[in-house]
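The values are calculated or read from the model by the stated rules, or taken from the named source; none is laboratory data. This is a predicted model, so every value here is computed, not measured. Cβ atoms come from the backbone with ideal geometry, glycine included; neighbour counts cover every protein chain shown.
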Amino acid sequence: MSDLKVGQVLWLKVRYQIDQVANIIHPMLIADIKDSYIEIIAIDKTAGKLHHLYHKYNYYINSENPKETVIFEDSYAQLNTKLTIENFAMLSNFRKTENTLSSQKLNDLLKEYNNYQNNNIINEERIVYMTKEEILELNS
């Protein structure tokens, strides 16, 4: 399997809804790793999109204090989507760094993510699983 860790970021094009594929590569924070799949959280920068922070399903991530090395500017995590991808060795190639989000921010984010996922209905079109073949095809 891969040598990935929770808190690392993969840079991928994904289907962020059942029928919608991102047209650019986005940072995807690894939230959970199982033998057969990895759960990821879509991250987007706040620059020019501060209004997105008014939605309870978006969680703010400060890129400073401490200075982050896996995100390069203030961002937000999208908690209202359940994205899972097949776990395979080549996923490591989509990391820019082996670093992880700093531990306190990662713990806070995962707590908020799990809380949101467990206490809200996730729309069916926002529950996406992608196979190795689909990941490689979109990110070749």
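When both residues are 6+ apart or on different chains and their Cβ atoms are under 7 Å apart, which pairs have a first residue that lies in region 116-127 and is closer than 15 Å to TYR59 by Cα and touching a residue at least 12 places away in the same chain (Cβ under 8 Å), and a second that is charged (D, E, K, R) and outside any helix (DSSP H, G or I)? Here the result reads GLN117/LYS82, each pair linking region 116-127 to a residue that is charged (D, E, K, R) and outside any helix (DSSP H, G or I). Within region 1-30, the set of residues being without any contact (Cβ under 8 Å) to a residue 24 or more places away in the chain and of a type outside the set (S, T, N, Q) comprises ALA22, ILE24, HIS26. With respect to LEU106, determine if the residue is part of a helix (DSSP H, G or I), of a type in the set (A, V, I, L, M, F, W, C) and farther than 21 Å from ILE25 by Cβ. Yes, satisfied. Residues in region 51-76 that are within 21 Å of TRP11 (Cα to Cα) and either assigned to a loop (DSSP other than H, G, I, E, B) or small (Gly, Ala, Ser) (or both): ASN62, SER63, GLU64, LYS67, GLU68, THR69, VAL70, ILE71, PHE72, GLU73, ASP74, SER75. With respect to the stated conditions, HIS55 is of a type outside the set (Ser, Thr, Tyr), without any contact (Cβ under 8 Å) to a residue 40 or more places away in the chain and under 21 Å from ASN123 (Cα atoms). From the list ILE18, ILE71, the one residue that fits, being modelled with pLDDT under 95, hydrophobic (A, V, I, L, M, F, W, C), within 23 Å of LEU138 (Cβ to Cβ) and in contact with an Asp or Glu (Cβ under 6 Å, 6 or more places away or on another chain), is ILE18.
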